[in-house]
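The values are calculated or read from the model by the stated rules, or taken from the named source; none is laboratory data. The model shown is predicted, which means the values in this text are computed figures rather than measured ones. FYI the Cβ positions are ideal-geometry reconstructions off the backbone, even for glycines, and counts take in every protein chain you see.
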Amino acid sequence: MTTNLEQTIEEQFETLQILNVKGEIVNKSADPQLSDDELKELMKRMVYTRIWDQRAISLNRQGRLGFYAPVAGQEASMLASEFAMEKEDWLLPSYRDIPQMVWHGLPLVKTFLYSRGHFEGGKIPDDVYTLMPQIIIAAQCTQTAGVALGLKKRGKKNVAFTYFGDGATSQGDFYEGLNFAGAFNVPAVFISQNNRFAISVPVEKQSATKTLAQKAVAAGIKGIQVDGMDPLAVYAAAKNARERAINGEGPTLIETLTYRYGPHTMAGDDPTRYRTEDLDSEWELKDPLVRFRIYLENKGLWSKEIEDEVVETAKEDIKKALKEADQIPKQKVSDLINNMYENLPQNLQEQLEEYRKKESK
């Protein structure tokens, strides 16, 4: 039974929406007032990423990529929030958040090498402020609190952004990260992409709370729930959270209500076993690309010709990056041993010499 106090708390977390499914502005006061060029750039990134996602799925099925977590449906949640970041803000992604890394500056070829498990995929350029994708669920939450504390101590006017799914909010690291961030009032933005299923477990079975955003209350930080299929709402929430952070007003937890159209990963997950066709159809009507396309077309900023050009650019970029990845020498066991230690212990030194002999044949 919900108590009066619980109901009062839940009522504070109404979903922020600016652009409805018909591509209409329904909340003018919250409109972030992006310029025409910014609106077009955000749409280009979303279309580009949808094409990239389709190609990555195909490459995975061909055996040309390794681990891959599909992103279709989550483009607004991912890209509109990253769009609010500055170049020297830090990004701490999960395994699904590869698009944010690329739009934050990581070369596309690195993502293919990362998927293949090649060590070159983990060599991040010095001018790209991102950590590697975190596989351990919610571990990036505690890391984000630490990175943000470092930024604060150094007097940087930058923020640490992190992404995780709804399932991560059931992990201890999530609570520890938020609590630490709140206690030290660090410049951090925690983005929970609630796509409703932690692999196969529906969010309703993960938590008794009506929203995930209200979990911020216990940490003493700001929480907000947004329509994660609405690029304008996501951007507005992320931008406001960043401004609060650099102004010393503390961290923010953003819950984006979104949906992944594909499986959890390409490693054998079958979403038809735990999702209904009716639910899939319901969320397809909320597609972020569709509503944003309508909005831009009505403003005279978008056309089929522009979109076709973006699609072709994406295909060409992917082709070039894949060719470059294919030309990288395959990783050897000796590489693995050398990369793990600066000074090898005796037993690994012996193994290294053994494998070098095998690899030279």
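Per-structure values
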quantity: Of the criteria (1) under 27 Å from residue 45 (Cα atoms); (2) out of contact with any Cys (no Cβ under 9 Å at 6 or more places or on another chain), which one residue 204 fails; calculated: (1)
quantity: Condition broken by residue 356, with the remaining ones in (1) assigned to a helix (DSSP H, G or I); (2) exposed (fewer than 11 other Cβ atoms within 10 Å of the Cβ); (3) among the basic types (Lys, Arg) satisfied; calculated: (2)
quantity: Residue count for the range 275-300, restricted to those that are loosely packed, with under 15 Cβ neighbours inside 10 Å and in a loop (DSSP other than H, G, I, E, B); calculated: 4
quantity: Residue match in the range 182-196 (condition: β-branched (Val, Ile, Thr), surrounded by fewer than 17 Cβ atoms within 10 Å (Cβ to Cβ) and assigned to a strand (DSSP E or B)); calculated: no
quantity: Restricting the range 91-128 to residues that are hydrophobic (A, V, I, L, M, F, W, C), crowded, with 21+ Cβ neighbours inside 10 Å and within 13 Å of the chain's Cα centre (by Cα), the residue that is farthest from residue 317 (Cα to Cα); calculated: 92
quantity: The one condition in (1) in contact (Cβ under 8 Å) with a residue 40 or more places away in the chain; (2) within 15 Å of the chain's Cα centre (by Cα); (3) outside any strand (DSSP E or B) that residue 214 fails to fulfil; calculated: (2)
quantity: Test result for residue 209, within 15 Å of the chain's Cα centre (by Cα) and among the polar types (S, T, N, Q); calculated: no
quantity: Candidates 143, 134, 171, filtered to the one that is more than 27 Å from residue 17 (Cβ to Cβ), free of Cβ contacts under 8 Å to residues at least 40 places away in the same chain and not small (Gly, Ala, Ser); calculated: 171
quantity: Filtered residue count, the range 217-233, keeping only those that are closer than 22 Å to residue 142 by Cα, assigned to a helix (DSSP H, G or I) and in contact with a strand residue (DSSP E or B) (Cβ under 8 Å, 6 or more places away or on another chain); calculated: 2
quantity: The range 121-131, residues that are under 24 Å from residue 51 (Cα atoms) and in contact (Cβ under 8 Å) with a residue 40 or more places away in the chain; calculated: 130
quantity: Residue that is nearest to residue 291 (Cα to Cα), among those in the range 199-230 that are surrounded by 15 or more Cβ atoms within 10 Å (Cβ to Cβ) and among the β-branched types (Val, Ile, Thr); calculated: 226
quantity: Helices (runs of 4 or more DSSP H) lying entirely in the range 26-139 (those with 1 or more residues that are among the small types (Gly, Ala, Ser)); calculated: 36-61, 108-115
quantity: One residue from 331, 327 being under 29 Å from residue 56 (Cα atoms), at pLDDT 95 or above and more than 27 Å from the chain's Cα centre (by Cα); calculated: 327
quantity: Options 331, 351: the member that is in a helix (DSSP H, G or I), of a type outside the set (A, V, I, L, M) and either touching a residue at least 12 places away in the same chain (Cβ under 8 Å) or under 20 Å from residue 115 (Cβ atoms) (or both); calculated: 351
quantity: Scope the range 301-328; condition assigned to a helix (DSSP H, G or I), within 25 Å of residue 76 (Cβ to Cβ) and free of Cβ contacts under 8 Å to residues at least 12 places away in the same chain; matching residues; calculated: 304, 305, 308, 309, 312, 316
quantity: Residue in the range 74-82 that is loosely packed, with under 14 Cβ neighbours inside 10 Å and either in the same structural domain as residue 103 (by TED's automatic domain parsing) or not aliphatic (A, V, I, L, M) (or both) present; calculated: no
quantity: Hits in the range 40-86 - residues which are charged (D, E, K, R) and more than 16 Å from the chain's Cα centre (by Cα); calculated: 40, 41, 44, 55, 61, 64
quantity: Failed item in (1) of a type in the set (Phe, Trp, Tyr); (2) touching a strand residue (DSSP E or B) at 6+ places or on another chain (Cβ under 7 Å); (3) more than 28 Å from residue 41 (Cα to Cα), with residue 164 passing the rest; calculated: (3)
